[in-house]
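Read through the structure below, which is laid out as structure tokens, and then see the notes.
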Amino acid sequence: MSAALLAGLVLVPAAAFAQETSAANALASLIPAGDAAASGRIVQLFGIVTVLSIAPGLLVMVTSFTRIVIALSILRTGIGLQTTPANLILISLSLFMTFFVMAPTFDKAWNNGLKPMLNNEITEQEAFTRISDPFRDFMLSQVRSQDLALFGDIAEATSRTRVETIEQGAGEGPSVELRVLIPAFMISELRRGFEIGFLIVLPFLVIDMIVATLTMSMGMMMLPPTIISLPFKILFFILIDGWNMLVGSLVRSFF
């Protein structure tokens, strides 16, 4: 009895130790090897969750979404339809067009920055630089020099530090600070969105004026011209294949 009891006392801790070892091996398989791998991966996951929480704001600030959604919204207003297409449809179309335009930028950010960081091949600081560089290149290709100069002058006046411009950083790649580049890019996109919206609304305004003139000349003072012009504006937009022209022009405006 004593030998069996002694064997049981020995086997029970051994089995528990084996279970703990298998659990540790399973955890090690989830966390790649490296210095402070567990703590580093936790910090990385926390950073990814933080970025995902502010993703809607980043989507508006550093992508083509702003210009596209403004143009589509002005189109709906110009036709005279307040709820058609619905906001969900406009936002969804704007998102897919944004992903189409920004696909090369997203690929560069993933392959050069995010993927190596998750594999513990580069540090978080280097990953941030590699992830932000493709978006910086995209914004530099779209921002107006006047808007960039405006925020550059404001930054120099408020912080008393010299802010590099596109020309100053052209020799060694983009060097404009993000705090200057992002707001300049946003107001540039707002301007271009309204410029495109003006060109969209202009033919519909002509139709409204023609219909209003005809109704006034016929003495129909109490009849709102928009009731008659709305079918003609929709028909005009369909006949010229407006969606194809508008979407194609918006996408080509970024290249």
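At a Förster distance of 45 Å, what's the computed FRET efficiency of residue 145 paired with residue 228, Cβ-Cβ distance as r, to 0.05?
Details: r = 46 Å, r/R0 = 1.02.
With R0 = 45 Å, the Cβ-Cβ based efficiency is 0.50.
Subtracting the Cα-Cα distance of residue 220 and residue 239 from 0.36 nm times their residue separation leaves 4.0 nm of extension gain.
So what is the orientation-averaged projected area of the range 102-142, using the convex hull of its C-alpha atoms, in nm²?
Values: hull surface 10.1 nm².
If I average the Cα hull's projected area over directions, I get 2.5 nm².
Here the Karplus relation 6.51 cos²θ - 1.76 cosθ + 1.60, evaluated at θ = phi - 60°, turns the backbone of the range 192-201 into coupling constants of 5, x, 6, 4, 5, x, 4, 5, 6, 6 Hz, with x for every Gly and Pro.
By how many nm would the segment from residue 103 to residue 121 lengthen if fully extended, with 0.36 nm per residue of separation less the alpha-carbon distance? Show your work: numbers first, answer last.
Values: separation 18, 0.36 × 18 = 6.48 nm, distance 2.36 nm.
Roughly 4.1 nm would be gained on extension.
No lab work stands behind these numbers, since they all come straight from the coordinates. Please read these numbers as outputs of a predicted model, since none were measured by experiment. Glycine also receives a Cβ, built like all others from the backbone with ideal geometry; neighbour counts cover every protein chain displayed.
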